[in-house]
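One structure is given here, and the rest of the page talks about it.
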Amino acid sequence: MGAKDPLHIPWAFSLNEAPSLPATGEGHPLRQEAARWLAWATAGILALGLLVFGVWWVVSLRHPPTPPQREIRIVRYTDLGIPPSIAKPAAPQLNIAQAVAEAAPPPAIGVPEPVPDEQAQRRTVATVAEMSEALAPITMEDLGLDEGGALVVDIDIDTRPGPGEFVAVEQEPVRIAIDPPVYPEVAMSAGVEGTVIVRVLVGRDGKVADAVIVDGMPMLDEAALACARTAVFRPALLQNRPVEVWVLVPVVFRLN
């Protein structure tokens, strides 16, 4: 190793003591060489950064930034005028009569003009005699009946509330009894089950007067209506009198 090696870099680590150098560890010449180059690189970067900062600082001192121009105007207090009031300004009053008059002018007053009698309209005001005759009481003879006859007036008024109509009650109806639903064979064979919501009209006697489907299934609707119509309720009360009211009755269909 004492002869000159043509492949060896002159400024690199020496190979004179290569047989005695450790193969691994911090004492290896490659690790020492890497540490030396890392130190030189760090020092060079710091020196370059300081050089760039120094150049920027010198240039900024030679050419300082121009401050913004500000216009200053001196005003005397006599030119300021009266300061505004700190009180809240009142809303302007609106003259409604004037606004209406401007929007629509008042109508002109008509002056009646006399016309000949043949052109005058027929009077429409009844006399006292005509009014007395029109307001005379109706007797049994006017109705074509004798004194002992009876007058029967048939008034057909449906007083039942609609399904969506609100009815005020003081005491809600209470269901007392209901028959179990009959499961349709078609729905049972198809494995259809669920709950059908029926709205029923509870009459004054507590029985179901009417029933409609609110939410159901085609295979179970008829059976649910038949079951709901068998329900018996304690009727709703308003001022201690029974009234008709609609209530919801769920009918449950379960296979098991």
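The values are calculated or read from the model by the stated rules, or taken from the named source; none is laboratory data. These numbers were taken from a predicted model, which means no experiment stands behind them. Glycine also receives a Cβ, built like all others from the backbone with ideal geometry; neighbour counts cover every protein chain displayed.
Answer yes or no: is there a residue in the range 179-194 that is among the charged types (D, E, K, R), more than 23 Å from residue 164 (Cβ to Cβ) and in contact with a Cys (Cβ under 8 Å, 6 or more places away or on another chain).
Yes: the range 179-194 contains one or more residues that are among the charged types (D, E, K, R), more than 23 Å from residue 164 (Cβ to Cβ) and in contact with a Cys (Cβ under 8 Å, 6 or more places away or on another chain).
Among the residues of the range 235-254, are any farther than 19 Å from residue 161 by Cα, of a type in the set (A, V, I, L, M, F, W, C), in contact with a Leu (Cβ under 9 Å, 6 or more places away or on another chain) and at pLDDT 90 or above?
Taking every residue of the range 235-254 in turn, at least one turns out to be farther than 19 Å from residue 161 by Cα, of a type in the set (A, V, I, L, M, F, W, C), in contact with a Leu (Cβ under 9 Å, 6 or more places away or on another chain) and at pLDDT 90 or above.
Given the conditions (1) modelled with pLDDT of 90 or more; (2) of a type in the set (A, V, I, L, M, F, W, C); (3) outside any strand (DSSP E or B), and given that residue 157 satisfies all but one, which numbered condition is not satisfied?
Exception for residue 157: condition (1).
Of all residues in the range 173-197, which are charged (D, E, K, R), under 28 Å from residue 237 (Cβ atoms) and loosely packed, with under 13 Cβ neighbours inside 10 Å?
Kept after step one, since they are charged (D, E, K, R), are these residues of the range 173-197: 175, 179, 185, 193.
Going one step further and asking which of them are under 28 Å from residue 237 (Cβ atoms), we end up with 175, 179.
The answer is 179, and nothing else.
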